[in-house]
Amino acid sequence: MGSADTVIAAVAAGLSGVAAVASWRSSAQANATAEAVARIERDRWHLDLTPQLRLKLEPQGGMLYVRFDGPASLGRITVQLTVRDDRDRVRDPVLAGGPTAEERAEVVWGPYRFRPGVDGAEQLGRSVTPFTLEADDRTRLAVDESLRPRWYEGTGGEEQWRQQNRTKRMRLWADCTAAGHKPWKLSFEVPQDGTWARTGQPVGT
């Protein structure tokens, strides 16, 4: 083989290598695009299947009602409810002589807690045992007024604690799971006037 043939063969091999690399890059980009589209569709499908829950407090407290409106295609869902504080207190400063961060964390800052020892609620009343619901089913959970922290200051004492919580909403996380689906974490603010709080309902409505 002459030098010209050698050069031609080398060029051909180089072009073949370039074409192979280009093909690989094109294939990788196509796969990445397909995966991104599939991920978007999965996320959209997951959002469309968000459990539609309704939560309602009995006026004057005592019971929290939870209803699952669907979608029925989810089948049976499991719900874990956890009481949230009236606001995030993690960054509140710890003052000398005042309560520690751990002591503050042991207080349910809001109008209600779950009744300890009922529905699997632990001693603090922050959460209850997970429960299951099917579409159009509902359950009810016992609630009590939250306890005033022992260091709470104010001339009104217990009455002042009740007064400041009289119109606050009961804030809750609802962690929902269903077989074959990623979990959902939903937030609720349940008013004390007996009206329903719903999935996706803007706060304040």
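The values are calculated or read from the model by the stated rules, or taken from the named source; none is laboratory data. Note that the coordinates shown come from a computational prediction; the quantities given were computed from them, not determined experimentally. Don't worry about glycine lacking a Cβ; one is built from the backbone with ideal geometry, like all the others, and counts go over all protein chains shown. For the accessible areas, the whole protein counts, side chains as well, though only heavy atoms, and no ligand, DNA or RNA atoms are used. Shrake-Rupley method; radii C 1.70, N 1.55, O 1.52, S 1.80 Å.
With respect to the conditions (1) at negative phi; (2) modelled with pLDDT of 95 or more, GLY98 lacks only one, and its number is (2).
Restricting attention to segment 93-104, does a residue exist that is among the β-branched types (Val, Ile, Thr), touching a helix residue (DSSP H, G or I) at 6+ places or on another chain (Cβ under 7 Å) and part of a loop (DSSP other than H, G, I, E, B)? There is at least one residue in segment 93-104 that is among the β-branched types (Val, Ile, Thr), touching a helix residue (DSSP H, G or I) at 6+ places or on another chain (Cβ under 7 Å) and part of a loop (DSSP other than H, G, I, E, B). Only one of the numbered conditions (1) open to solvent by 70 Å² or more (accessible area, probe 1.4 Å); (2) at pLDDT below 95 is not met by ARG140, and that is (2). Scanning for something assigned to a strand (DSSP E or B) and β-branched (Val, Ile, Thr), does segment 46-66 turn up at least one residue? Yes, segment 46-66 contains at least one residue that is assigned to a strand (DSSP E or B) and β-branched (Val, Ile, Thr). Does segment 153-174 contain at least one residue that is modelled with pLDDT of 95 or more and exposed (fewer than 12 other Cβ atoms within 10 Å of the Cβ)? Taking every residue of segment 153-174 in turn, none turns out to be modelled with pLDDT of 95 or more and exposed (fewer than 12 other Cβ atoms within 10 Å of the Cβ).
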